[in-house]
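Coordinate-derived values only; no laboratory data. What you are looking at is a predicted structure, and each value in this text was computed from that prediction instead of being measured. Cβ placement follows ideal geometry from the backbone for every residue including glycine, while neighbour counts extend to all protein chains displayed.
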Amino acid sequence: MDYLGSGFLRALVLLFSGDPETYSAIITTLEISTLSIVASLIIGIPGGFVLGYFEFPGKRQIRTISDTLLALPTVVVGLFVYAFISRRGPLGDFGLLFTVPGVALAQTLLVLPIVVSLTATAVESLDRRLRLTLITLGANARQIALQTILEARFAVLTAAVTAYGRAISEVGISMMIGGNIKWHTRTITTAVALETGKGEFAMGIALGIVLLSLALVVNAILVTLRRKR
Amino acid sequence: MTPAPLYRLSNLTFRYGTDGFALSIPEMDIEAGASIGLVGPNGGGKSTLLKLLAFLETPQEGAIFFQGKKVSGAGDPSVMRSVTILLQEPYLLQATVFENVAYGLRIRGEKEGVREKVADVLERVGLPYGEFGHRKWHQLSGGEAQRVALASRLILKPLALLLDEPTASVDPYSAYRIREAIVDVWKTFKTTLLVASHDEEWLNGSVDRIYKVHDGKIIGSGDENLLPGPWEPAPDSLWKKGLEGGRTIVAPPPPHRESTALLRGTDVDLYVSEWQEKKIENIIPGVITGMYMESFKGHLNIYVDIGGITILSVMAPERADHLRVLPGKKIWVAFPASALRWL
């Protein structure tokens, strides 16, 4: 088991000496997950709000689909997006395969159901008295909708944080769409997979520590948000 | 020409579901500046009437006129903004007290002097701005939350302020502050008040007129006793209702065993002994549980527990003085069977 201990020590050296290869993977990960989370929030919060707030035909079916996609396997998203953005695919001309925006696009699809479903649930589970109260205070339809999303803000933030956690930790999409290209699309998770396969534990452990720290920060934010209520 | 009343209800019928509970009011005017309390049992229609008057519900039949204009559907925005209702168990926004109270002004686009107005209405409900303005919604007791909810409606200076059970779950001090606040706005701004409450004593000190709402109908001006069934046959072609301790109320034959009888408080006399010269069917011993002066009318309301139900007797203060009524005193309530009317 010596190799684990020495790997851990060398991991610390890599992190604290600012090893460029290690930091490249970290920065790529943050780039991709930030892009995908922003895109999924822009689409998902209004989408989830509409799904939770309004009554319309097909709402139940859309909700069921969205809830099912919460458990979407990353490799399925990878396969699907690969088919679309590879040169033969309908979006092949954009040259997205093996690029950061390509991975971000696929990750957006992965976490979108999380944002949509959790936002819809947040809006649905608001107190029924809220609407009546706003009406009795003289609010119009637009003001009621706006205040409703504001009342759901803590739960919506929780949705965002949950989605972010999923984005930074997935490996399937990054591997299939990104191609694990060094200095370019290699992320924390694909790097760990590769280095471990090579028997290079140091960088794997270093990146594992970073990933765990990120998860810790994300969870700390969640806990703080919950406590604010 | 006299101005149109604030509300005119005409041939109003409201039903929950197809054969559910119905409220029906053939004719009712509520003058601007009136102060009206609604009492009656749960499910009798008090809340429904308030929701109709707040235009949160739409009657199936008949019409509600507001300031002489017929209101249909959800009502137009200017009418909706002239009326506000404080529902039972109010909801506060997940924000500070200040933001809750200022919300109504904010959505009306008012920006001038908001802070002063908020401080003023909070003062009216006994919540000093300095202490409470920045508290979060979850840092308030039930009574404080209720008063914040009231303040957020007072700040709108509504023409009509409707309150549904405002004291149902609050502490006595909050109940007192709520009374002070609404009596104050009624006197100062001539706000029309409609208040539904179980607490008749609280209500009597808060409004100047009381209607009883029972079984979907407005049945009187509040000094009535309601005597629900079941009734059973008694000798001399009379019927009776059993009370605790073998006591009974004797009544003329009811339409149904479960019918409710109405007994005006002014028809109930009190005696200090059982012995009477006059022949009265009902002379029932009881204990005085409460009494207070109806300040607007100048007579005394005396409540007597006669075994499970409380009977209200309304009399002039001189008569009460003569009888030396005191809470806790044993007394006989007396009323002829013919004083009962069937609903």
**Request:** Treat the count of other C-beta atoms within 10 Å as a stand-in for reagent exposure and order A:4, B:127, A:70 from fewest to most.
**Result:** A:4, A:70, B:127
**Prompt:** Can you pick out the pairs among B:70/B:111; B:240/B:329; B:51/B:157; B:51/B:187; A:59/B:69; B:46/B:330 whose Cα atoms lie more than 28 Å from each other?
**Reply:** B:70/B:111; A:59/B:69; B:46/B:330
**Message:** Need one value for B:85-95: mean number of C-beta atoms belonging to other chains within 10 Å of its residues' C-beta atoms.
**Reply:** 5
**Asked** With each run of n ≥ 4 DSSP H residues scored as -39500 (n - 2.57), what mean residue ellipticity at 222 nm is computed for the protein assembly as shown after dividing by its residue count and rounding to the nearest 500 deg cm²/dmol?
**Response** -14000 deg cm²/dmol
**Asked** For the range A:23-61 and the range B:275-343, what is the separation of their C-alpha centers, rounded to whole Å?
**Response** 70 Å
**Request:** State the dimensionless ratio Rg/Rh of the range B:7-218 (Rg: radius of gyration of Cα atoms; Rh: Kirkwood radius).
**Result:** 0.97
**Asked** In the range A:89-196, with Lys and Arg counted as +1 and Asp and Glu as -1 at Cβ, which of these residues, A:180, A:118, A:168, has the Cα nearest the positive end of the dipole, that is, farthest along it?
**Response** A:118
**Request:** Quick one: angle between helix A:100-124 and the longest Cα principal axis of chain A, in degrees between 0 and 90, rounded to 10, please.
**Result:** 30 degrees
**Asked** Peptide B:76-83: average number of partner chain Cβ atoms within 10 Å per residue?
**Response** 2
**Request:** Could you check what % of the DSSP bridge pairs in the protein assembly as shown are antiparallel, to the nearest 5?
**Result:** 75 percent
**Prompt:** Given a cut-off of under 8 Å on Cα pairs at least six residues apart, what relative contact order in percent is computed for chain B?
**Reply:** 16 percent
**Complete:** Placing +1 on each Lys and Arg Cβ and -1 on each Asp and Glu Cβ in chain A, then taking the dipole about the Cα centre, the residue among A:64, A:92, A:212 whose Cα reaches farthest towards the positive end is A:64
**Average partner coverage of A:137-147, which counts Cβ from other chains inside 10 Å** = 5
**Item:** Assigned charges on the beta-carbon of Lys, Arg, Asp, Glu; the protein assembly as shown dipole about Cα centre (debye)
**Value:** 1080 debye
**Fill in**
One can check that the equivalent ellipsoid of the protein assembly as shown, built from the alpha-carbon gyration tensor with semi-axes equal to the square roots of five times its eigenvalues, has lengths in Å, largest first, of 69, 25, 24
**Prompt:** Roughly speaking, what is the stretch gain from residue A:227 to residue A:129, that is 0.36 nm per residue apart minus the C-alpha to C-alpha distance, in nm to one decimal?
**Reply:** 33.0 nm
**Listed residues B:10, B:134, B:245: farthest to the positive end of the dipole of chain B (Cβ charges)** = B:134
**Request:** Return one number: the angle in degrees, 0 to 90 and rounded to the nearest 10, between the long axis of the Cα atoms of helix A:153-169 and the longest principal axis of the Cα atoms of chain A.
**Result:** 20 degrees
**Message:** What do you get for the angle between helix A:20-53 and the principal long axis of chain A? Use alpha-carbon atoms, 0 to 90 degrees, nearest ten.
**Reply:** 20 degrees
**Message:** For the range B:226-342, take N as its residue count and report Rg(C-alpha) divided by 2.2 N^0.38 Å.
**Reply:** 1.05
**Other-chain or far-sequence residues with amide H under 5 Å of residue A:180's (modelled H)** = none
**Asked** Which value, in debye to the nearest 20, describes the size of the charge dipole of the range B:116-220 about its Cα centre when Lys and Arg Cβ atoms bear +1, Asp and Glu Cβ atoms bear -1, and nothing else is charged?
**Response** 360 debye
**Request:** Extending each Cα 7 Å along its Cβ direction at residue B:236 and residue A:83, get the distance between those two points in nm, one decimal.
**Result:** 9.4 nm
**Request:** In Å and from the alpha-carbon atoms only, list the Rg and Dmax of the range A:107-229.
**Result:** 20.0, 67
